[in-house]
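The values are calculated or read from the model by the stated rules, or taken from the named source; none is laboratory data. Everything numeric here is computed off the predicted structure, so don't read it as measured data. With ideal geometry, Cβ positions are generated from the backbone for all residues, glycine too; neighbour counts draw on all protein chains shown.
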């Protein structure tokens, strides 16, 4: 496991602000739940961590190493969603 840190991460989809300068640190080995109402940016944040979305601004770090520009296949991150429709196919 690694420490995951978001530093001032923002993401927009047109006029919609999905993430507005989110900063978060999840220590190595921590079990963390992301809770919030529909449309608040939970999935977008997880997609940014996994590398499936690029942030408009800010940085994603794993163990202090900036992985913001690292492609998903090289991040060694797994995700499970409640709805398979979240992955485009």
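Can you tell me which residue within region 1-35, out of those that are at pLDDT below 95 and either in contact with a strand residue (DSSP E or B) (Cβ under 7 Å, 6 or more places away or on another chain) or in a strand (DSSP E or B) (or both), is farthest from residue 64 (Cα to Cα)?
Result: 32.
Criterion first (modelled with pLDDT of 95 or more and under 23 Å from residue 21 (Cα atoms)) does residue 59 satisfy it?
For residue 59, the condition - modelled with pLDDT of 95 or more and under 23 Å from residue 21 (Cα atoms) - is met.
Output the residues belonging to region 45-56 that are modelled with pLDDT of 95 or more, farther than 10 Å from residue 72 by Cα and either in contact with a helix residue (DSSP H, G or I) (Cβ under 6 Å, 6 or more places away or on another chain) or not in a loop (DSSP other than H, G, I, E, B) (or both).
45, 55
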